[in-house]
Amino acid sequence: MIKKALRAADEQQEEVVRAVFRAAGLLWQCKGRDCRFDNTAAQELCERCGRQRNGRRVTDQVPPSAHPDDFENLRAELKEYFAHVGRDLPDAVTFQLDFHKRWRTDDATLHFGSRAEVYDFEDPDVDLALSDLGRADDRGETLRVALYR
Ligand SMILES: [Zn+2]
């Protein structure tokens with residue numbers, strides 16, 4: 001619907017259409033000064049540059065159910081893991097919950113700028129560090145670990 005409206009608009013109308021969609025919360029504009037891309041509401045990170053809505057680089061999301069020390073431990077294990085396997089260090093890693101509200105080692109997302117890659121960790125240390133976070137209190141919790149800090 002949004003794309004259709006934008007296609008139908010001429011150049012002058014387009015800015016107005018965009019402004020209306022932004023005001024209605026259907027689009028959010030990236031605050032990155034060099035980006036300003038209009039993302040759809042479902043998009044959590046900017047599609048073009050990978051930044052968060054506030055224009056900042058992708059950052060930690062510590063689930064309320066997890067102890068901060070265990071979170072820091074997971075960050076350390078992840079850094080070690082990527083150094084060990086000799087892969088480029090992603091900006092951040094996002095993990096999913098399974099049916100039992102435990103953090104999964106598979107189906108994780110690696111964030112490299114705007115590029116996201118689905119990844120399965122097969123590593124006992126990462127597995128253990130994830131288990132140490134314990135179960136989430138509810139399915140809405142999110143876990144993202146920034147690795148550049
Ligand atoms: Zn952006």
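The values are calculated or read from the model by the stated rules, or taken from the named source; none is laboratory data. Bear in mind that the values here come from a model prediction, so they are computed numbers and not experimental data. Here Cβ is always computed from backbone atoms with ideal geometry, including for glycine, and neighbour counts include all displayed protein chains.
General remarks:
- The numbered conditions (1) over 24 Å from the mean Cα position of the chain (by Cα); (2) within 10 Å of the ligand (Cβ to nearest atom) are all true for ASP38 except (1).
- Residue match in the range 5-12 (condition: within 14 Å of the ligand (Cβ to nearest atom) and out of contact with any Asp or Glu (no Cβ under 8 Å at 6 or more places or on another chain)): no
- Residue match in the range 59-73 (condition: within 15 Å of the ligand (Cβ to nearest atom), surrounded by 15 or more Cβ atoms within 10 Å (Cβ to Cβ) and either among the small types (Gly, Ala, Ser) or not in a strand (DSSP E or B) (or both)): yes
- Qualifying residues in the range 74-114 (those that are assigned to a loop (DSSP other than H, G, I, E, B) and among the hydroxyl-bearing types (Ser, Thr, Tyr)) - the one modelled with the lowest pLDDT: SER114
- Residues of the range 119-149 that are crowded, with 17+ Cβ neighbours inside 10 Å, part of a loop (DSSP other than H, G, I, E, B) and among the small types (Gly, Ala, Ser): ALA136 alone.
- Count - residues of the range 11-50 that are in contact with a Gly (Cβ under 6 Å, 6 or more places away or on another chain) and farther than 29 Å from PHE112 by Cβ: 0
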